[in-house]
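Since the structure comes first, as structure tokens, the remarks are kept for the end.
The values are calculated or read from the model by the stated rules, or taken from the named source; none is laboratory data. Predicted, not measured: the structure shown is a model, and the values here were computed from it. Reconstructed Cβ throughout: ideal geometry from the backbone, glycine too, with neighbour counts over all protein chains shown.
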Amino acid sequence: MEIEVYNCGCKVRIYEVEFGESKNDLTKRPSLISDYSPCSKHRHSRRIPPEEARLLKVRGEHEAFLNE
């Protein structure tokens with residue numbers, strides 16, 4: 001899992017998800033899913049992340065972070 005943090009406070013979480021109920025149902029490559037947490041200024045923005053936002057840092061998190 002990766003978290004992109006922007007100077008305005010917006011955050012984008014990017015993580016991989018494998019779909020399927022059995023081993024044969026899984027895709028060959030996991031799908032990348034992004035979860036956007038906008039700041040109060042950009043909560044109605046259509047662009048993710050907003051154009052004027054500047055990336056401050058990218059943090060990697062372990063998969064166990066998803067279960068918290």
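Only residues that are in a loop (DSSP other than H, G, I, E, B), within 15 Å of the chain's Cα centre (by Cα), at pLDDT below 80 and among the hydrophobic types (A, V, I, L, M, F, W, C): list them for region 4-63, please.
Correct list: Ile48 only.
Need pairs with beta-carbon distance below 7 Å; first residue farther than 17 Å from Val5 by Cβ and within region 43-68, second modelled with pLDDT of 80 or more and part of a strand (DSSP E or B); sequence gap 6+ or separate chains.
These pairs meet every condition: Leu66/Tyr15.
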